[in-house]
1. Within segment 123-158, which residues are under 28 Å from K75 (Cβ atoms) and of a type outside the set (A, V, I, L, M)?
2. Does A200 satisfy the criteria of being part of a helix (DSSP H, G or I) and small (G, A, S)?
3. For T179, indicate whether it is more than 8 Å from the ligand (Cβ to nearest atom), assigned to a strand (DSSP E or B) and either farther than 30 Å from L100 by Cβ or in contact with a strand residue (DSSP E or B) (Cβ under 7 Å, 6 or more places away or on another chain) (or both).
4. Within the group G29, G80, which residue is more than 13 Å from the chain's Cα centre (by Cα), within 15 Å of A224 (Cα to Cα) and touching a residue at least 24 places away in the same chain (Cβ under 8 Å)?
5. Assess whether V110 counts as being within 11 Å of the ligand (Cβ to nearest atom), part of a helix (DSSP H, G or I) and touching a residue at least 40 places away in the same chain (Cβ under 8 Å).
6. Hey, can you tell me all the residues within segment 85-107 that are over 19 Å from A22 (Cβ atoms), in contact (Cβ under 8 Å) with a residue 60 or more places away in the chain and not hydroxyl-bearing (S, T, Y)?
7. Determine which member of the set R95, R83 is within 13 Å of the ligand (Cβ to nearest atom) and buried (at least 16 other Cβ atoms within 10 Å of the Cβ).
8. Could you list, in sequence order, the residues of segment 120-155 that are of a type in the set (K, R), closer than 26 Å to W107 by Cβ and in contact (Cβ under 8 Å) with a residue 60 or more places away in the chain?
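The values are calculated or read from the model by the stated rules, or taken from the named source; none is laboratory data. As the structure is a computational prediction, the values presented were derived from the model and not from experiment. Counting neighbours? That spans all protein chains shown, and the Cβs are built from the backbone with ideal geometry, glycine included.
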Amino acid sequence: MRFDGKVALVTGASRGIGRAIAVRLGSGGARVVVNFARNQAAAEETAHLVRQAGSEALVIQGDVADPEAAEAMVKAAIGGFGRLDILVNNAGITRDTLILRMTLEDWEAVQQINLRGTFLVTKAALRPMLRQRSGRIVNLSSISGRMGNAGQANYAATKAGIIGFTRSLAREVASRGITVNAVAPGYILTDIWNDVSEEAKQKAIEMIPLGAPGRPEDVAEAVAFFASDAAAYITGQVLNVDGGMLMS
Ligand code: NAD
């Protein structure tokens, strides 16, 4: 899958799945705008890896939940590389706890980044894509949003919401040559699991037919497929990358 001449914006790309996506798109020839929230050094490392993979990268700080920052990310792509072809809404957080212990703040913090952030960056990115009459938007959902997960009602609600958002937008922009799809990872080894108990992680592994957690690169390949010319006739879809955890 090649992306020569294409420009991609990946949110939350300083580590984990976002970094793997940035590097995968870069290794396919895309010039990549690497968004990060806090850790500039880590984002610079992602940009370095994109350059090592043979492409160009620029780094931009910004909170996806801030409307001005969302606009600035898209301006950085246009200003730096002249266009925007691929948006990957990857930034996301968890605040896991059982509903009875969940505070309104736990609920709203996850909504802000996972849903409001996806909405704001997408809205900003759509303008150049609509002008170009082409574009690829790939959103990170989760199998939690499809099957539910005790302790993740806030997170699962946002990840299910992303599926509704993906399908609605796919219908809105299909006639303009823009596709919108979602990838739903299962248990992928990244820092997002740092606060989860060993027991819960072991239970998750027992639910995976392929017998092990996935790697960020496994998710990046699925994102790259949706972002590629090969997926030109695919829109409004959700692809699980979960070792078979959820078969439906
Ligand atoms: P991670 O915590 O390693 O990375 C998340 C990234 O998002 C970080 O770089 C973080 O700085 C960034 N981010 C957080 N808030 C932000 C904000 N306001 N603005 C910009 N960036 C922000 O987690 P990950 O596992 O790499 O997760 C990436 C995506 O994949 C998330 O949307 C997550 O929900 C989804 N996902 C992950 C798994 C998994 O098992 N790892 C499973 C399902 C879905």
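1. Answer for segment 123-158, where residues must be under 28 Å from K75 (Cβ atoms) and of a type outside the set (A, V, I, L, M): K123, R127, P128, R131, Q132, R133, S134, G135, R136, N139, S141, T158.
2. Here the answer is yes, as A200 does meet what is asked.
3. yes
4. G29
5. yes
6. Correct list: R95, D96.
7. After applying the criteria, what remains is R95.
8. Result: R146, single match.
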